[in-house]
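Contents: one structure, followed by commentary.
The values are calculated or read from the model by the stated rules, or taken from the named source; none is laboratory data. The structure presented is a predicted model; accordingly, all values stated were derived computationally and were not measured. Note that we place each Cβ from the backbone using ideal geometry, even for glycine, and neighbour counts take in every protein chain shown. The accessibility values were calculated without ligands, DNA or RNA, using every heavy atom of the protein model including side chains. Shrake-Rupley method; radii C 1.70, N 1.55, O 1.52, S 1.80 Å.
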Amino acid sequence: MSNSDKLRSAAEQLGPDGLSDLRSRAAENFGTTGFPTTRMEDWKYTDLSIASDISVAALDDFRVDLPPSYEIPDIEAHWLIISNGSPQVGGLSAIDGVDIALLSEADVDLQFDLPLADLNLALLSDGLKLTVNAGVNVDKPVGLLFFDDADTDSLVSQGRVIIDVQKGASVQVIEFHTTRGDARKYANVFVDLNIEDNARVDYARLQARDLSAVQTARLSVAAGRDATLRHFALDTGGKLVRNDLVIDIAKTGADVEFNGLYLADAGQHVDNHTRVDHRVGPAHSKQEYRGIIKGRAVWNGKAVVHEGADGTDAQQANHNLLMSERAEINAKPELEIYAEDVKCSHGTTVGQLDENAVFYLRTRCLDEEQARRLMTHAFAMGVAHRCPIDACTTWVDSHVEDALNALVAEDAK
Amino acid sequence: MLDIKNLSASVGGAEILHDLSLSVGTGEVHAIMGPNGSGKSTLAQVIAGRDDYEVTGGSVTLDGEDLLDLDPEERAREGVFLGFQYPVEIPGVNNAYLLKAAVNAQRAHRGLDEIDAFEFLKLAKEKMALLGMDQKFLNRGVNEGFSGGEKKRNEILQMAMLEPRLAILDETDSGLDIDALKAVAHGVNALRSPERSIVLVTHYQRLLDYIQPDHVHVLSGGKIVRSGDKTLATELEERGYDWLKEAANG
Ligand SMILES: Nc1ncnc2c1ncn2[C@@H]1O[C@H](COP(=O)(O)OP(=O)(O)OP(=O)(O)O)[C@@H](O)[C@H]1O
Ligand SMILES: [Mg+2]
């Protein structure tokens, strides 16, 4: 059987249900396109052949009925569990003011525009649709736990969540990625977030997969009139990680801020692509990503200010700390401006710890490793402190500290 | 206390200090003056352990112990303090956190328990009051966005917290207004004791009006070309350095 036949047959095994037609169309599409390759501008630095290998191996032994497995993170939230790509209906707790439905039972319009979205849909056992009702202020963060667990062979999981935040509502969302078990794992996750007029979303994407895991994740945001988004992304795990954050501003007054921290130890490859489309003005977007790198990282931040989007204010910054001579970063800010009266700025830095400062701290009795750790930590926390969800703060602080200690400890030798 | 014998040091292949000797007795205050670029900061940094400078000859001992063999942090824990001519900004590292980590690292070296948080705060506030420093500086990043004078006061605060055996203050008086100068002098004088030695690197007689030195040295062209008592400072103020440079060369 060819790989496309295997994909089609896997898609069929997942049905029949409300998604069957979509799956077979998506499988058809992916059969012709396949994975993005490094010949494509957007994928120049990130080679997905390892994701493809894991997928092919997983399709050889495709299982639709993996037992659910998960461990809730130590963060106070309404947790919704997606284990090995399957939403755990049994674990769905009711949340006041939020309607929760399975995608197979909801009436949704899913896009076919990207190969990875096709792959996602072709192999999607099911997804979730959350609707935060108009005017509701959800009491606790809503946590989406993407938990992959397999011990042997290869595991491919698809996650798909659609979140509709209706007019004037406000909600905090935690997208949490983690893994267990020794299998080679590839997760492909899509989240669509629609923030209606005057609504507010605080969002934290926390990725702590194991160091052999592969992830591609995409969050697409549509921001309504005077909508507010505060987004924070943390990547410490994964062997190969590619995140896309795509924000579309089609109504005036939107205020979006997105910040991120990525740690790439030796052997890790972490790629963050962000794109914000200012279609109208005035509106405000601001981003800052910071990276601490011993392995390899990519940051590509694109802001497009479309014709007529006058009064746009778009700022982007990316700062990288290279922790080894073999560390690599491809950092690229891209501003495309077709409007008038626009305030845009971008700044990218790549550097090492300031040796003057290391010496200064050592003359203040701190040993060299402590000095380096302190400075690296300060650099990381400079952006991690902007995580907009208080319930995550303790977890983020201690997780970042642990990850940095591991990274710096080897470094001082 | 501090014995420097025939010290030579270079940076980037150029020798900056030539065969320099200097002894600072316990309980003494010495002032080092000298033209720009003569090697004063180099000397201070070599004593503190900066490894950009290569020591090509000579020795530096503190109460008989070889300092050149120690890492900068070991020297600091042994009681060597360097007040930087240009204190370094360390964004995001909390000033109070650094003070406490410094005090604790030194206490650990002396076999003492960590300082109690309450005790630490009390001590820090006490020292800040002495220096006329607002407590809000505790919660700022280390020197982050501090004015020139604020940075210098912060150096003295660190010194006051660490209570060093040997303090080398590299132009701590530069860029200070009159009140700050008095506050800094007050901080230094408060530390003055029969067990401590202080080396002041300065360009101005003015500081020495507030902190009376026991000895004054002139460093020129990488060596000490003249030593005397505090009247030497007054003489330098009037005559400049040229006559000394000539004397040294001739
Ligand atoms: N990294 C370096 N490479 C080359 N030359 C250096 C380096 N660091 C210092 N020097 C030189 O060493 C000499 C002594 O510098 P130093 O900073 O010790 O002078 P100073 O006496 O403290 O002067 P000032 O009064 O201006 O502070 C100067 O000529 C300086 O340019
Ligand atoms: Mg100097």
Compare A:ASP310, A:ASP210, A:ASP354 in a GNM of chain A, Cα atoms joined below 10 Å, and give the one with the largest fluctuation. A:ASP354
Which distance in nm do the two modelled labels at B:GLU15 and B:GLU74 give, with both placed 7 Å along the Cα-to-Cβ direction? 2.7
Zero-based 20 Å bins, Cα pair distances in the protein assembly as shown, whole percents: 17, 39, 26, 16, 3, 0
Local electrostatic count at A:THR152 - Lys and Arg +1, Asp and Glu -1, tallied over other residues with Cβ under 12 Å: -2
³J(HN,Hα) across the range A:7-14 via Karplus (A = 6.51, B = -1.76, C = 1.60, θ = phi - 60°), whole Hz, x for Gly/Pro? 5, 4, 5, 5, 4, 5, 4, 6
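For the range B:68-126, state which GluC sites (Glu not before Pro) are in a DSSP loop and have at most 14 other beta carbons lying within 10 Å of their beta carbon.
B:GLU114
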Counting only residues 5 or more places away or on other chains, whose amide H sits under 5 Å from the amide H of B:GLU28 once H atoms are built in the peptide plane? B:ILE198
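For peptide A:350-357, what's the mean number of Cβ atoms from other chains within 10 Å of each residue's Cβ?
Taking the mean over all residues of the peptide, I get 3.
Which is the longest run of chain A containing none of the GluC sites (Glu not before Pro) found in DSSP loop states (not H, G, I, E, B) with at most 13 other C-beta atoms within 10 Å?
Counting at most 13 other Cβ atoms within 10 Å as exposed, the longest clean stretch of chain A is A:72-306.
Hey, what did the range A:167-254 get for relative contact order, percent, Cα under 8 Å, at least 6 apart?
32
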Taking springs between alpha-carbon atoms closer than 10 angstrom, which of A:SER125, A:SER20, A:SER49 fluctuates most in the Gaussian network model of chain A? A:SER49
Convert each backbone phi in the range A:351-357 into a coupling constant with the Karplus relation 6.51 cos²θ - 1.76 cosθ + 1.60 (shift: θ = phi - 60°), then list the ³J(HN,Hα) values in order as whole Hz, x for Gly and Pro. x, 10, 4, 6, 5, 4, 6
Could you state how much accessible area A:SER4 has, in square angstrom rounded to the nearest 10, with a 1.4 Å probe and all protein chains kept in place? 40
Would any residue of the range B:105-124 have its amide N under 16 Å from a label point 7 Å out along Cα→Cβ of B:GLU163? List them or say none. B:105-116, B:119-124
Descending principal axes extents, the range A:137-271, alpha-carbon based, whole Å: 48, 25, 22
The lysines whose Cα lies under 16 Å from the Cα of B:LYS151, excluding any fewer than 8 residues away in the same chain, are B:LYS127, B:LYS136, B:LYS182
With a ≥ b ≥ c the root eigenvalues of the C-alpha gyration tensor of the range B:152-208, is it rounded (a/c under 1.5), prolate (a/b larger than b/c) or oblate? prolate
When the accessible area of each residue in the range B:65-87 is compared between its chain alone and the complete protein assembly (1.4 Å probe; ligands, DNA and RNA ignored), which residues differ by at least 30 Å², being lower in the assembly? B:PRO72, B:GLU73, B:ALA76, B:ARG77, B:PHE84
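Under 8 Å for C-alpha pairs, at least 6 residues apart: give me the relative contact order for the range A:185-236, rounded to a whole percent.
Worked out over the range A:185-236, it gives 53 percent.
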Separation between Cα centres of the range A:65-130 and the range B:45-92, rounded to whole Å: 59
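Partner chain Cβ atoms within 10 Å, averaged over the residues of A:374-381 - can you pull that number for me?
4
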Calculated FRET value between B:ALA96 and B:GLU238, using beta carbons and R₀ = 45 Å, to 0.05: 0.50
Which one of B:ILE211, B:ILE115, B:ILE16 has the biggest mean-square fluctuation once chain B is modelled by GNM with Cα springs under 10 Å? B:ILE115
Dividing the surface of the Cα convex hull of the range A:3-352 by four yields a projected area in nm² of 16.4
What residues have an amide H closer than 5 Å to that of A:ASP202, excluding those fewer than 5 places away on the same chain, when H is modeled at 1.01 Å from N in the peptide plane? A:VAL171, A:GLN172, A:VAL173, A:ARG230
Helix-only estimate, please: 222 nm mean residue ellipticity of chain B, summing -39500 (n - 2.57) across DSSP H runs of length 4 or more and dividing by its residues, to the nearest 500. -11500 deg cm²/dmol
The local net charge around A:ALA51, scoring Lys/Arg +1 and Asp/Glu -1 for residues other than A:ALA51 whose Cβ lies under 11 Å from its Cβ, equals +2
Using the reciprocal of the averaged 1/r over all distinct C-alpha pairs, how large is the Kirkwood radius of the range B:2-249 in Å? 18.6
Before rounding to the nearest 500, sum -39500 (n - 2.57) across all DSSP H runs of length at least 4 in chain A and divide by the residue total; then give [θ] at 222 nm in deg cm²/dmol. -7000 deg cm²/dmol
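Determine, from the Cβ-Cβ distance of A:SER324 and A:GLN13 and an R0 of 35 Å, the FRET efficiency 1/(1 + (r/R0)^6), rounded to the nearest 0.05.
0.20
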Would you mind computing Rg(Cα) / (2.2 N^0.38 Å) for the range A:353-413, counting N as its residues? 1.22
Estimated Rh, the range A:1-129: Kirkwood, alpha-carbon pairs, angstrom: 16.3
Those trypsin sites (Lys or Arg not before Pro) from the range A:5-59 that are DSSP loop and have at most 16 other Cβ neighbours within 10 Å turn out to be A:ARG39, A:LYS44
Diffing the range A:31-42: the Karplus 3J(HN,Hα) column from phi (6.51, -1.76, 1.60, θ = phi - 60°), in whole Hz with x for Gly and Pro, holds x, 8, 7, x, 5, x, 10, 5, 6, 8, 3, 6
Residues with amide H under 5 Å of A:ASN320's amide H, sequence separation 5 or more or different chain, H placed in the peptide plane at 1.01 Å from N; which? A:GLY291, A:THR349, A:VAL350, A:GLY351
Measure of exposure for B:THR26: accessible area at 1.4 Å probe, Å² rounded to 10, is 80
So how much slack lies between A:ALA409 and A:ASP390, counting 0.36 nm per residue of separation and subtracting their Cα-Cα distance, in nm? 4.0 nm
Between their Cα atoms, which of A:LYS129/A:LYS286; A:LYS140/A:LYS302; A:LYS239/A:LYS332; A:LYS129/A:LYS302; B:LYS152/B:LYS230 are more than 30 Å away from each other? A:LYS140/A:LYS302
When only DSSP loop residues count, what trypsin sites (Lys or Arg not before Pro) in the range B:69-128 have their Cβ near at most 10 other Cβ atoms within 10 Å? B:ARG110
Please give the FRET efficiency for B:SER147 paired with A:ASN137, using the beta carbon to beta carbon distance and R0 = 60 Å, rounded to the nearest 0.05. 0.85
Chain A - percent relative contact order, Cα under 8 Å, separation 6 or more: 10
Put a dot 7 Å past each Cα toward the Cβ at A:ASP74 and B:GLU126; how far apart are the dots in nm? 3.7
With every protein chain left in place, what is the accessible area of B:VAL142 in Å² (1.4 Å probe, nearest 10)? 0
Can you return the aspartates and glutamates within cross-link range of B:LYS125? Criterion is Cα-Cα under 17 Å, with same-chain partners fewer than 8 residues away left out. B:ASP116, B:ASP134, B:GLU150, B:GLU155, B:GLU163
Separation of alpha-carbon centers, the range A:145-160 and the range A:301-324, rounded to whole Å: 33
Rounded to the nearest 5, what is the percent of antiparallel bridges among the DSSP beta bridges in chain A? 5
